[in-house]
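Input: a single structure, listed below in structure tokens.
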Amino acid sequence: MLYLKPANTDDIEKEYLFVRDIPEDENGFINEYHGISREDFDDALDIIIANSVGERLPEGYVPATTYFLWDDDKIIGELQLRQHLCESLVNGAGHIGYYIAPEYRGKGYGTQGLTMLLEKACDIVPEEEVYLRVQRTNPASLRAMLKNGCYIHHEDEDSYFVRFRKEIS
């Protein structure tokens, strides 16, 4: 069964092994904890969890929740939801970033994980649209976004800037 679960201390061992192995920059998904030691991950996880409630944020950052995409008892992806936009996010990464482990790519996990995260985003973000960005060199991620009802808002030489219209009741 596929589900999203926020970063938490109960799953620290599996979270550590997953996060440690994500490259520093994978198609624009930045992982500042690449190669981190197990000893240092305790504090890193505390920071990740604190960030979700707006604590321990670096200057200029907004609250962001880190979710792991689980398939039964195995982590297959990491997804981040920035809870609102600041100027750098409007013209940059937007609300959502995600990473699917290479061995799970091309199997629909990115599309399904993004579906679940967009549902959460619609309940959390105050903006009328959810903002995403994808590098032109990552057509699989763009396809996952488009399959979820997103549209290309604009583009530059490196990226597509994608939007998802929230249903307004």
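The values are calculated or read from the model by the stated rules, or taken from the named source; none is laboratory data. Note that the structure is a prediction, hence the values are computed from the model and not measured. Note that each Cβ is placed from the backbone with ideal geometry, even for glycine, and that neighbours are counted across all protein chains shown. Surface areas here come from the heavy atoms of the whole protein model, side chains and all, with no ligands, DNA or RNA. Shrake-Rupley method; radii C 1.70, N 1.55, O 1.52, S 1.80 Å.
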(message) I'd like the full set of residues that are surrounded by fewer than 20 Cβ atoms within 10 Å (Cβ to Cβ) and part of a helix (DSSP H, G or I), limited to region 97-111.
(response) Pro102, Glu103, Tyr104, Tyr109, Thr111
(request) Working only within region 49-96, note down all residues that are touching a residue at least 60 places away in the same chain (Cβ under 8 Å) and either open to solvent by less than 50 Å² (accessible area, probe 1.4 Å) or part of a helix (DSSP H, G or I) (or both). (result) Thr66, Tyr67, Phe68, Leu69, Trp70, Asp71, Ile75, Glu78, Leu79, Ala93, Gly94
(request) Mind listing just one residue for me: the one in region 126-169 that is in contact with a strand residue (DSSP E or B) (Cβ under 8 Å, 6 or more places away or on another chain) and part of a loop (DSSP other than H, G, I, E, B) and, of those, surrounded by the most Cβ atoms within 10 Å (Cβ to Cβ)? (result) Cys150
(request) Give the residue that is nearest to Leu85 (Cα to Cα), with candidates limited to residues of region 112-123 that are open to solvent by less than 70 Å² (accessible area, probe 1.4 Å) and in contact (Cβ under 8 Å) with a residue 40 or more places away in the chain. (result) Ala121
(request) Could you please tell me which pairs satisfy a Cβ distance under 6 Å, a separation of 6+ or placement on different chains, a first residue in region 21-48 that is within 18 Å of Ser159 (Cβ to Cβ), and a second residue that is open to solvent by 50 Å² or more (accessible area, probe 1.4 Å)? (result) Asn27/Gln135; Gly28/Gln135
